[in-house]
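*Asks:* One structure is given below, represented as structure tokens, and several questions about it will come after.
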Amino acid sequence: MLAYLDHHATTPCDAAVLAAMEPWWRQHFANPSSRQYRPGLEAAAAVEQARGRVAAALAMPPESVVFTSGATEASNLALKGVAEAALERGDPRRGLVTLATEHRAVLDPLAWLARHGFPLTVLPVEPDGLVDPARLEAALGADTLLVSVMAANNEIGVLQPLETIGALCRARGIHFHCDAAQAVGQIPLEPAGLGIDLLSLSGHKLYGPKGIGALVVAEGVHLAPQMHGGGQEGGRRAGTLAVPLIVGLGAAIQGAMADRDSRAERLSGLRERLWHDLEVLGGISRNGHAGRCLPHNLNVTVGGVDGGELHRRLRRRIAVSSGSACSQGSPSHVLAALGRSREEAAASIRFGLGRETSAAEIETAVAAVAETLAEIRRPA
Ligand SMILES: *Cc1c(COP(=O)(O)O)cnc(C)c1O
């Protein structure tokens, strides 16, 4: 069987999560907005229990949680919602600031806003993938409305200095949005202490179902809804609530918090073993800051091989990628931002370990890379 080492693309839905969701499809199918009868009230109670679990995982109040279809929608709501709310209340600020290594779910809505009168500054990162806080500070001005910086990168796993960025934003009254799809349930993260006003998360990145996520909004942040209709979620996101998926997100985040630290410790051990065994093959270098990094991520560039050939051979034995699952075909903009050439980016491997990753799968991965290199590496 193929060793699945692509947990940044998605994670399997946990069996306990699936079991928690099951009754809410057929047995308890009522609409949680139908509060005039008992089944509707029960569905509403299940939604509120899940909301409480998401909120608790982030040490935020339940009313801060807005359920969405995922992190993409959450980030669209955060970015466009803040921009439109500024227009509505006559706030003259228009400037948006982000990093070159952000996910497309942030870069694309920001680029859309830039075409609609909100000037966008895309900052470069250092060769280790981290933003230099002094560079970010220099980009902030009287016109800056919002800064969007992710918690953990989905390709190279680096952890941005959120606390420093949050303090810079807070001192200037600038909104701080954080795409935390890769961080929630993986590493400790408390938005209030970090100065984060808006945080996006996704169910399927933390052993929950696909098609559900949330935007967590600090008190006092004004958001113009981007989905208009029935007024659900306090008017912030219309549409009938996806009760089974919401219950699944609640169960998944609770489960992810329960084993977060032990999982991180085990997977960082496996990740270091993987890196050590790859490093001895020679000509392989690591991408991103090795210390400030998700415990289950390893991203490497393999020298002296054709990337296409490398991945064609690897994919018979391991499920890995050369970049984000969302930008298949085009070379990684993240690796490009680190100074990697097109060829180097193509000859890069992103490993994402997960809850069920075994030591045997790591051995399979090392063997697959070693044997592939023996077959295709050009003499130095
Ligand atoms: C997966 C991912 C997203 C998109 O999340 P969806 O829930 O699939 O929309 C956004 N940002 C990052 C960093 C991700 O890893």
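*Asks:* At 1.4 Å probe size, with no ligands or nucleic acids counted, give the accessible surface of Ser34 in Å², nearest ten.
*Replies:* 20 Å²
*Asks:* As I understand it, the dipole of region 15-258 uses +1 on the Cβ of Lys and Arg and -1 on the Cβ of Asp and Glu, about the Cα centre. Which of Pro109, Asn154, Val47 lies farthest toward its positive end?
*Replies:* Of the listed residues, the answer is Val47.
*Asks:* Given 25 °C and 0.890 mPa s, how large is the Stokes-Einstein diffusion coefficient of region 1-74 in µm²/s, with Rh as the Kirkwood radius over Cα pairs?
*Replies:* For these conditions, the coefficient is 167 µm²/s.
*Asks:* Taking only protein heavy atoms into account and a 1.4 Å probe, give the accessible area per residue of the chain in Å².
*Replies:* So the chain comes to 41 Å² accessible per residue, rounded to a whole number.
*Asks:* Do the sum for the chain: with -39,500 (n - 2.57) for every DSSP H run of n ≥ 4, divided by all residues, what is the mean residue ellipticity at 222 nm, to the nearest 500 deg cm²/dmol?
*Replies:* Dividing the helical sum by the residues of the chain leaves -12500 deg cm²/dmol.
*Asks:* Let me ask something else. Note the full-extension length gain between Ala370 and Asp259 as 0.36 nm times their separation in residues minus their Cα-Cα distance, in nm to one decimal. Show your work: numbers first, answer last.
*Replies:* Details: separation 111, 0.36 × 111 = 39.96 nm, distance 3.23 nm.
Extra length available between Ala370 and Asp259 comes to 36.7 nm.
*Asks:* With a 1.4 Å probe and all protein chains kept in place, how much accessible area does Tyr37 have, in Å² rounded to the nearest 10?
*Replies:* 110 Å²
*Asks:* Further question: Would you kindly find the accessible area of Leu189, with a 1.4 Å probe and non-protein molecules such as ligands, DNA and RNA excluded, rounding to the nearest 10 Å²?
*Replies:* 20 Å²
*Asks:* For helix 38-57, what angle does its Cα long axis make with the longest principal axis of the chain, in degrees from 0 to 90 and rounded to 10?
*Replies:* With rounding to tens, the tilt is 50 degrees.
*Asks:* Let me ask you something else. Measure off, as a whole percent, the carbon and sulfur share of the 1.4 Å-probe accessible area of region 84-137, all protein chains present.
*Replies:* Details: 1340 of 2400 Å².
About 56 percent, which is the carbon plus sulfur part of the accessible surface.
*Asks:* Same structure again: What is the local net charge at His7, summed over the other residues whose Cβ is closer than 13 Å to its Cβ (Lys, Arg +1; Asp, Glu -1)? Write down the numbers at each step before the final one.
*Replies:* On the way: positive: Lys205, Arg263, Arg271, Arg350, Arg355; negative: Asp6, Asp14, Glu155, Glu356, Glu361.
Cβ neighbours under 13 Å give a net charge of 0.
*Asks:* Which longest run of the chain has no exposed loop site in it, a site being GluC sites (Glu not before Pro) in a DSSP loop with at most 12 other beta carbons within 10 Å, and the site itself not part of the run?
*Replies:* Here the longest segment lacking exposed loop sites spans 1-218.
*Asks:* So how tilted is helix 243-279 from the main axis of the chain? Cα-based, degrees 0 to 90, rounded to 10.
*Replies:* Approximately 20 degrees, to the nearest ten.
*Asks:* Please state, to two decimals, what the Cα-based radius of gyration of region 219-316 comes to when divided by 2.2 N^0.38 Å (N = residues).
*Replies:* For region 219-316, the normalised Cα radius of gyration comes out at 1.72.
*Asks:* Calculate the all-directions average of the projected area of the chain's alpha-carbon convex hull, and give it in nm².
*Replies:* 19.0 nm²
*Asks:* Cβ under 14 Å from Thr240's Cβ, Thr240 left aside: what net charge do those residues give with Lys, Arg +1 and Asp, Glu -1?
*Replies:* Around Thr240, the charge tally is +1.
*Asks:* State which stretch of the chain is the longest one without any exposed trypsin sites (Lys or Arg not before Pro), exposure meaning a DSSP loop state and at most 15 other Cβ atoms within 10 Å.
*Replies:* Numbers: sites that count: Arg26, Arg35, Arg115, Arg292, Arg315, Arg316.
Result for the longest clean stretch: 116-291.
*Asks:* Can I ask one more? With a bin width of 5 angstrom, please list the P(r) values of region 45-196 as percents of all Cα-Cα pairs, from the 0 bin to the one holding the largest distance.
*Replies:* 2, 9, 19, 22, 22, 15, 8, 3, 1, 0
*Asks:* On the accessible surface of region 268-380, probed at 1.4 Å, how many percent belong to carbon and sulfur atoms?
*Replies:* 49 percent
*Asks:* I would also like to ask the following. Local charge sum around Glu102 (other residues, Cβ-Cβ under 12 Å, Lys/Arg +1, Asp/Glu -1)?
*Replies:* -2
The values are calculated or read from the model by the stated rules, or taken from the named source; none is laboratory data. Since the model is a prediction, treat every value here as computed from it, not as a measurement. Glycine gets a Cβ as well: all are built from the backbone with ideal geometry, and neighbour counts include every protein chain shown. When the accessible area is computed, the model is the full protein with side chains, heavy atoms only, and any ligands, DNA or RNA have been set aside. Shrake-Rupley method; radii C 1.70, N 1.55, O 1.52, S 1.80 Å.
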